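Data block below; observations after.
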Amino acid sequence: MSKTVLYPGSFDPFTKGHESIVQKALLLFDKLVIGIGKNSEKKGYFTLESRINHLEHLYKDEKRVQILSYEGLTIDLCSKKNINFLLRGLRNNKDFDYEYPISMHNKLLNDNVETIFLCSDLNVSPFQSNIIREIHKSGGNIDVFVSQSSLLRID
Ligand code: ADP
């Protein structure tokens, strides 16, 4: 049976750290859906359209990767799409402390969905979208952290 995993996040922006997680997950799963969570109260720094476009370009040759955006509970998206695995990336033990209880709450909401944790490669694991946004806001070059960053737009 073909296995699909959902990788949810705000991906504002999608960094080389996220890329590392996707690469590793593609060794384990047949299909990977990147879900950009939309938050009605928080617009995000890079426009949603450009974040989607950025990801579509990055994975244009990888037919096993699908990009979508969604609102509401991630676990509801899993049910809607018939997905049984959720993917989260870990940089350090702080990420794990934050992610573990969320995964357990999700498990109680839907026992059919298992959260899988993967660690990114060491050279990209310190990358953090919030720091990268600050660098960009101040006019810094973010190419070291984000592939094809020129595709990203701000309003
Ligand atoms: P959030 O889901 O909190 O909005 P992000 O969109 O930044 O966070 O990230 C989505 C997922 O990717 C989360 O599981 C996060 O821990 C993970 N992640 C972010 N940056 C890295 C990185 N450099 N290495 C590994 N995992 C990462």
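So if I check each of Arg153, Arg64, which one is open to solvent by 70 Å² or more (accessible area, probe 1.4 Å) and in contact with a strand residue (DSSP E or B) (Cβ under 6 Å, 6 or more places away or on another chain)?
On the way: Arg153 fails: in contact with a strand residue (DSSP E or B) (Cβ under 6 Å, 6 or more places away or on another chain).
Only one candidate passes the filter, namely Arg64.
Restricting to the range 132-154, name every residue that is under 25 Å from Lys60 (Cβ atoms) and part of a loop (DSSP other than H, G, I, E, B). If you could, list the steps in order and put the result at the bottom.
At the first step, the residues of the range 132-154 found to be under 25 Å from Lys60 (Cβ atoms) are 132-133, 136, 141-154.
Within the range 132-154, Asn141, Ile142, Asp143, Val144, Phe145, Val146, Ser147, Gln148, Leu152, Arg153 meet the criteria.
So, in the range 99-113, of the ones that are within 14 Å of the ligand (Cβ to nearest atom) and farther than 17 Å from Phe11 by Cα, which residue ends up most open to solvent (accessible area, probe 1.4 Å)?
Taking the range 99-113 as the starting set, the residues that turn out to be within 14 Å of the ligand (Cβ to nearest atom) are 99-103, 106.
Then drop every residue that is not farther than 17 Å from Phe11 by Cα, which leaves 100-103, 106.
Details: Tyr100: 104, Pro101: 55, Ile102: 68, Ser103: 10, Asn106: 29 Å².
Filtering the range 99-113 for residues that are within 14 Å of the ligand (Cβ to nearest atom) and farther than 17 Å from Phe11 by Cα, the one most open to solvent (accessible area, probe 1.4 Å) comes out as Tyr100.
So which of Phe96, Phe127 ends up being within 14 Å of the ligand (Cβ to nearest atom) and more than 23 Å from Phe46 (Cα to Cα)?
Values: Phe127 fails: more than 23 Å from Phe46 (Cα to Cα).
Exactly one residue qualifies, and that residue is Phe96.
Hey, among the residues in the range 1-58 that are part of a helix (DSSP H, G or I) and among the hydroxyl-bearing types (Ser, Thr, Tyr), which one's farthest from the ligand (Cβ to nearest atom)?
Step one: of the range 1-58, the residues part of a helix (DSSP H, G or I) are 16-25, 48-58.
The next check asks that each one be among the hydroxyl-bearing types (Ser, Thr, Tyr); those that pass are 20, 50.
Working: Ser20: 6, Ser50: 15 Å.
Going through the qualifying residues, I end up with Ser50.
When you go through (1) open to solvent by 20 Å² or more (accessible area, probe 1.4 Å); (2) more than 26 Å from Phe145 (Cβ to Cβ); (3) free of Cβ contacts under 8 Å to residues at least 24 places away in the same chain one by one for Ser40, which number turns out not to apply?
(3)
Can you name the residue in the range 75-91 that is of a type outside the set (A, V, I, L, M, F, W, C) and near the ligand (Cβ under 9 Å from one of its atoms) and is also surrounded by the fewest Cβ atoms within 10 Å (Cβ to Cβ) among such residues? Give the steps one after another, and end with the answer.
Step one: list which residues in the range 75-91 are of a type outside the set (A, V, I, L, M, F, W, C), which gives 76, 79-82, 84, 88-89, 91.
Retained after the next criterion (residues that are near the ligand (Cβ under 9 Å from one of its atoms)): 88-89, 91.
Details: Arg88: 19, Gly89: 21, Arg91: 15.
This residue is Arg91.
The values are calculated or read from the model by the stated rules, or taken from the named source; none is laboratory data. All of these numbers come straight from a predicted model, not from anything done at the bench. All Cβ positions, glycine included, derive from the backbone under ideal geometry; neighbour counts span all protein chains shown. Protein only, heavy atoms only, side chains kept; ligands, DNA and RNA dropped before computing areas. Shrake-Rupley method; radii C 1.70, N 1.55, O 1.52, S 1.80 Å.
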